[in-house]
Each structure stands twice: as structure tokens, then as C-alpha cells.
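The values are calculated or read from the model by the stated rules, or taken from the named source; none is laboratory data. Computed from a prediction, not measured in an experiment: that's the story for all the values here. Cβ placement follows ideal geometry from the backbone for every residue including glycine, while neighbour counts extend to all protein chains displayed. Side chains are part of the model used for accessible areas, which takes the heavy atoms of the whole protein and leaves out ligands, DNA and RNA. Shrake-Rupley method; radii C 1.70, N 1.55, O 1.52, S 1.80 Å.
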Amino acid sequence: MDWDKKSLKSVQDVVCASAPDLQRLTGLSNSDVQQLITAAAAVCRRHPPITAQQLQHGVSGAQLRLGCPVLDRLLRGGLPVGGITELAGESGTGKTQVGLQLSLSVQYPAEHGGLGAGALYVCTEDSFPIKRLHQLIGEQVCLRSDVPADLVSSLCFSDHVYIEHAADLDSLLVCLTRRARLLLTRGLVRLIVVDSVAALFRTEFQADDWLERNRQLLTFSSMLHHLSQEFSTPVLCINQVTPSRPSLSTVSPALGLAWANQVMVRLMMSRLQGTVVRGDQSSALRRLEVVFAPHLARDGQNAAVWREGLRGVESWASNRK
């Protein structure tokens, strides 16, 4: 992009410009330009960075559990509170199941792995799976056998899942700046789920619009970061995948490095060969993998989707059809 002096109107413009452009426009030395960028970044960052040690011990002493001990062990207790967690995978791998499960788990009190509030679930492509949500609610006693049954029955789960549909990028940004902030300020929600993050950015921008798309991605991620840090709220962004290379069968999360650099934890879901059978139920075998996280080792865990939700599968070979 061609920059001129009129382009530098705010600290955000300074952060977005490259060091050579700033040096050319301002006449400053390279070391002075680096100090300028550091100062501008400090102004834009409202909250101090989170260290890996803080995450390892639980930021603010809280984490959001999935409700399955096997999967929560993989995540060292659950989703970190404060930061963006991305869950990527192909269609049908179980990503939305995780989003729904967390939307219920967040409503439990802290002593049972929740955060004592509801969830804001933002749909950007498919309609919200309300029937599946009600099925999960009906099976909570089965999934959460660690929680007293009277406590489970006392929670009005469906009343605390706030559903929004964003048909375009503008409505998504409005939802985050107004609706999400209002719900968080009132203490009604402590989880934001965006399903999916790639849909709108893929449909609204052509290949030649990559620079504007990246700008909008940074605006979107900045909103999520500010909400997450200000209200100690975990954010789950469900993402699509693209082929890593045309000649290979492997896939990678959509939206490239511009988005990857905004994510604190990246998880991936995939379907494996094989079927798991349990009583009168059967499920295709899945795998949940930690791709990167500052506090987690790269690891994975097999899982299956049952009526009550996603559960880890520790020994599946004997159960294959």
C-alpha cells in the first residue's frame, strides 16, 4: 500500500504501517521508528500480556471445562479465561458440538468447572442447531455425573444461551460492539462463541482484497481480545479449513497467518477411520488435537459424539466395528 503523511491520523495507522514507510514519512531514524511503534502498540493494548506461566496455573484462577475429564485433561483443565481459542476442522468433525457443550458448561458454578453465567452464540452461516441443544440439555445428568443431580435440574440452560445471527461482516461487528458488550456488562454471559469465523471473510472479500480483509480481521480480533480481557471471558472461534497444498490431502485452518497470529490456542478436530460403539449408540471416531498454545504441549485425544455430547475415548480399538 502507498502511504503518505495524510495516512497517519491515529496510533492505529502507525501500528499498521511498516517500519520503512514510517521512516520515509517521518524522517526518523530506524531506532526512533522502532520506539514509535512500541509506544503506539502500548497505547493500543489496553491490558498487559498473559504469560504462559499464568495460563498454566489458570488466569484469574478460572478455566472453562468441557465437562469430560479425558478432554479437560488434554486441555489442562479447560479453555483459558482471557484470550481467543480457535477450533478448526472439516465439516462434520464435531466443532459445533464443542461450542454447544461449552455453552452449557459455562453455566455451572466455578466449583464444577463453569463460570456461573450464560453464553453468546453467534452464527454466521448455518442456522442454530436448537434441537441438538435441547438434546444436550436433556442429557446433562448423564454427561455431568460429577455434579449433583438436583443442581443440574435447577439450571435453566436454554434461558441463558443468547443466539445471534450475523449475515454480513457489519452485523457481526455491531453484534460484538453492542450486544456482546451489553450482555457482558450485565453479567449475563461469560462465553462468546463465533460459528464460524471464516464464513463472512471468505464471502465478502475477493483474492485481490487481501489487504482490506486483513484489516477487517485485525479489527474483529481486536474487539474479541478487548472483550475477553475486560470481562475475563473465554472466546471460542470455530473455523473452517483449506487444503495446505493443492497436491496434498492435509488441511490447515482458513484465513492464513493474519488470523493465526491473533489466536492464543489453536485446536483442530478431525474424523478418523473407525466407529465406536457404546450400548445402542455408535459414533464415528474423532480426534481433538492441540496445534499450539503457550501453556500446552502438542498432543491429541480420540473422542466420540454421543447423545450427551463429546467425550474422550481412551481405548477404542476393541470397540471398532
- Query: Taking segment 1-27 as the search range and keeping residues that are surrounded by 15 or more Cβ atoms within 10 Å (Cβ to Cβ) and assigned to a loop (DSSP other than H, G, I, E, B), which one is modelled with the highest pLDDT?
  - Reply: A17
- Does Q273 count as outside any strand (DSSP E or B) and polar (S, T, N, Q)? no
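Filter segment 109-125 for residues that are open to solvent by 30 Å² or more (accessible area, probe 1.4 Å) and either closer than 18 Å to E308 by Cα or touching a residue at least 60 places away in the same chain (Cβ under 8 Å) (or both) and give the result. Show your work before the answer.
Residues of segment 109-125 open to solvent by 30 Å² or more (accessible area, probe 1.4 Å): 109-112, 116, 125.
Correct list: H112, G116, E125.
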- All conditions in (1) farther than 23 Å from R186 by Cβ; (2) open to solvent by 10 Å² or more (accessible area, probe 1.4 Å) are true of L136 except (2)
- Query: Any residue in segment 225-246 that is touching a helix residue (DSSP H, G or I) at 6+ places or on another chain (Cβ under 9 Å), within 30 Å of V313 (Cα to Cα) and among the small types (G, A, S)?
  - Reply: no
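Of all residues in segment 156-180, how many are closer than 11 Å to L120 by Cβ and in contact with a Cys (Cβ under 8 Å, 6 or more places away or on another chain)? Break it down into steps so the answer makes sense when it comes.
Looking only at segment 156-180, we keep the residues that are closer than 11 Å to L120 by Cβ, and these are 160-164, 175-176, 179-180.
Filter once more, keeping what is in contact with a Cys (Cβ under 8 Å, 6 or more places away or on another chain): 163-164.
So the count comes out to 2.
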